[in-house]
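What follows is a set of notes on a single structure, which appears directly below.
The values are calculated or read from the model by the stated rules, or taken from the named source; none is laboratory data. Computed from a prediction, not measured in an experiment: that's the story for all the values here. Reconstructed Cβ throughout: ideal geometry from the backbone, glycine too, with neighbour counts over all protein chains shown.
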Amino acid sequence: MDKVNKIVDTDKNKMLTIAIMNSKGGSGKTTIATNLASYYAAQDLKTVMVDQDVQGSSVQWLKRRSEKSPIINTTVVFDQPTNYTRSWLARVPTGTQRVLIDTPAGIEVQQIENVAKRADIIIVPVLLSPIDSEAVGIFLRRLKNILSKKHEMTHLAVVANRVGQKTRSYKILETCLLNMKVPFIATLRDSQNYIQASEQGIGVHELKNRKITHDLLQWQPLLDWIELKESSSARYLETNMSSKIHSASGVCQTSVS
């Protein structure tokens, strides 16, 4: 398969932890997490999937994965007590370069805080509907408030998922995120390629299908942004700069006349 995506030159030995998070169910968290995991594994990076969702969707996806596919290790934590803190981190194999955390719907404040402490990057997927946009606005306000109390830098961005067309809801979400100063990084279409890939325990980047070009192009801004933020996080640590993410001033208003 042609490698249309290229990781920029960064320190691959550093473990980068990416959490996929949204308290609203059905936003496509597992789709984002599994596709990122498969992409990094295909790039020969030691990758671990941490499944916090009681439904175990990421674990089921991995069970469908062929032994011939690049290896993705897994850590299951949805069966842990609610007040767990560092137990899952201790299970991550030495030398791991990418950790993807698939968080549950209805994630509680304590869990958000625990994940935020360990995440270098948090990606919030959202569907394009007034209800979902309003819910993500409330969630982002809570999340940014938690991140503002964290000493280390955590990068936050939103991805629009399963987009059929750019409706008025898209514009409302775009304006909301602009006002909240949250990057709106990528828009992923509603495609059968994701279903086909999931059935095989792979990501769209691993599909041997000429019809995936458009999907790969849609992923590229997110992949580039992650690598860029990884570089900036490294510079942040090296220079010991202080940085905070300001609390949001409001939530998304999605009333449509």
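Some notes on this structure:
- Listed by position, the strands (runs of 3 or more DSSP E) contained in segment 120-220 that have at least 1 residues being of a type in the set (Ser, Thr, Tyr) and surrounded by 15 or more Cβ atoms within 10 Å (Cβ to Cβ) are 184-189.
- Per-region count, segment 102-124, residues in contact with a Leu (Cβ under 7 Å, 6 or more places away or on another chain) and either among the aromatic types (Phe, Trp, Tyr) or over 23 Å from residue 177 (Cα atoms) (or both): 1
- Residue match in segment 100-111 (condition: of a type in the set (D, E, K, R), assigned to a loop (DSSP other than H, G, I, E, B) and over 22 Å from residue 219 (Cβ atoms)): yes
- Qualifying positions in segment 25-45 - surrounded by fewer than 21 Cβ atoms within 10 Å (Cβ to Cβ) and assigned to a loop (DSSP other than H, G, I, E, B): 25, 26, 28, 43, 44, 45
- Where a residue in segment 80-105 is farther than 14 Å from residue 40 by Cβ and among the small types (Gly, Ala, Ser) and its partner, wherever it lies, is modelled with pLDDT of 70 or more and surrounded by 12 or more Cβ atoms within 10 Å (Cβ to Cβ), with Cβ under 6 Å and at least six apart: 105/25
- Residues in segment 189-198 include at least one that is within 19 Å of the chain's Cα centre (by Cα), closer than 26 Å to residue 71 by Cβ and among the hydrophobic types (A, V, I, L, M, F, W, C).
- Residue pairs whose Cβ atoms lie under 7 Å apart, sitting 6 or more positions apart in sequence or on different chains, and linking a residue in segment 141-170 that is at positive phi to a partner that is among the acidic types (Asp, Glu), are 162/190.
- Boolean, residue 45 is at pLDDT 90 or above and among the aliphatic types (A, V, I, L, M): yes
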